[in-house]
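This report concerns only the one structure given below.
The values are calculated or read from the model by the stated rules, or taken from the named source; none is laboratory data. Computed from a predicted structure; not experimentally measured. All Cβ positions, glycine included, derive from the backbone under ideal geometry; neighbour counts span all protein chains shown. We work out accessible area using only protein heavy atoms, side chains counted, and drop any ligands, DNA or RNA first. Shrake-Rupley method; radii C 1.70, N 1.55, O 1.52, S 1.80 Å.
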Amino acid sequence: MLKPVPQGVFDAVVIGGGVIGTATAYFLIKTGLSVALLESKGIASGTSGRCDGNVLIADKAPGYDMALNKASRDLFPIIQQELDYDIQWRQKGSFIIAENETEIKMCTALCNRICADGYQARMLNRKEALQDEPFLNEDIAGGMETINDGSLNPMALCQGLAHGFSQLGGKVYTKTTVSSIKLNASQAIEAIYTNRGKILTKAVIACAGIWTRQLGQMVNLSIPIEPKQGQILVSEKTRYVARRKLMEFGYMAAKFGDGSYKRSTTAEMEEFGVALVFEPSESGNFLIGSSRGFRGQSTATQQMCLRAMAQRAIRFLPVIKDIKVIRSYAGLRPFTPDHLPIVSATEIPGFFVGAGHEGDGIGLSLITGDLLSTILTNKPHCIDPSPLALSRFTGKPAQPSPFANTT
């Protein structure tokens, strides 16, 4: 039988034990607030335990999206040093494969924009690309290298942040399901009711990924987040295939495109939004993605999709044809209509949102936690959070934080 939670008062309660929730709790506890972290199952039991561990700017839209991701990426070496936990942070860069001359032109334009904005990237021709990654198919046209992109173990990151949060005095409650959120007479946050009792608090930070929408409904708040499924293949431990993250330029088209650019793919690849993503792991195997599709909250994999992903990977890396796949799984990306997350105060005093990161939750976790800590305490930040406000969807202005004068 679960023990009841303490009946004391917390300044803030973070709901969600994935990478966004643990990062938010970690940064909040460092402000001096008393903070509890609630998770309905276990740490990293949701989407954060069903994804890859990439921290990239290579696949981001130039401008605000890229700047946001770079600011987050730059925090990972710092957090690696702060936490008494190995999150397996590595910076090996990444490579976007251009399949043909049309993609070379598009990729070159992207590279020029990235470099003009001050990021490190360069184009490689076919010969240079094959020298760098000799097992790529010899018919590729080349591609773009970004120098400082990195990767980590997502579950280790969640556990490390939760551990660091606890060491700083934060309280973690797993197997704790929120049943309702109570507002006071002024329609501000007053309490949370859970399967383990009532928690009094001035602030709720909803960081529950695809389940954030339901938390909003508890206070009559509309949060436009939908689950978007992605499937992954995992290989056996095997020989060297590639030294770092690889993705095809068509991944950008699948992620942001309007369907106007057509690749040479099968009907199944188009149906499931398949584009190559290849990630070698620290364990000597590799992960293959990716797919994109709206399938409700189903985390079931589809044989047709997995086969299409394998075929697409073999097209770019023929050497993997005879390597065995040992398992597959699917995760649910929290999708918003404009592909940007919601990191924001809301029209409900004391209710905050950190969700909707789609496939960028790992990479954006640290900047999300950092931004939310400054939003709650009304402190300035080098990144303007206004493009991430919930009001861009609702049209209703956010209420001030109950901790606006925290020093």
Segment 50-84 and segment 108-138: distance between their alpha carbon centers, rounded to Å: 20 Å
Span per principal axis, largest first, for the Cα atoms of segment 114-247 (Å): 68, 35, 30
Distance in nm between pseudo-label sites at Lys396 and Gln187 (7 Å out along the Cβ direction from Cα): 0.6 nm
Projected label distance in nm at Leu200 and Ile147, using a 7 Å step from Cα toward the beta-carbon: 5.5 nm
Whichever aspartates and glutamates have a C-alpha closer than 18 Å to that of Lys237, once near sequence neighbours (fewer than 8 apart) are set aside: Asp52, Glu279, Glu282, Asp322
Accessible area per residue, Å², segment 187-321 with all protein chains present, probe 1.4 Å: 41 Å²
Nearest-0.05 FRET efficiency for His339 and Glu138, computed from C-beta distance (R0 30 Å): 0.30
Solvent exposure of segment 1-100 as accessible area per residue, Å², 1.4 Å probe: 36 Å²
Stokes-Einstein D (µm²/s) once Rh is taken as the Kirkwood radius of segment 1-124 over alpha-carbon pairs, at 25 °C in 0.890 mPa s: 138 µm²/s
Dimensions in Å of the chain - Rg and Dmax from alpha carbons: 21.4, 69
Square roots of five times the Cα gyration tensor eigenvalues for segment 257-319, Å: 20, 17, 11
D (Stokes-Einstein, µm²/s), Kirkwood Cα radius, segment 337-381, 1.002 mPa s at 20 °C: 193 µm²/s
By accessible area with a 1.4 Å probe, ligands and nucleic acids excluded, highest first: order of Glu279, Glu138, Glu268: Glu138, Glu268, Glu279
Share of carbon and sulfur in the accessible heavy-atom surface of the chain [1.4 Å probe, %]: 51 percent
Cys115 paired with Gln81, simple spin-label distance in nm, labels 7 Å along Cα-to-beta-carbon: 3.1 nm
The chain, helix-only ellipticity at 222 nm - DSSP H runs n ≥ 4, -39,500 (n - 2.57), divided by all residues, nearest 500: -8500 deg cm²/dmol
Check: the chain dipole with +1 on Lys, Arg Cβ and -1 on Asp, Glu Cβ, in debye: 920 debye
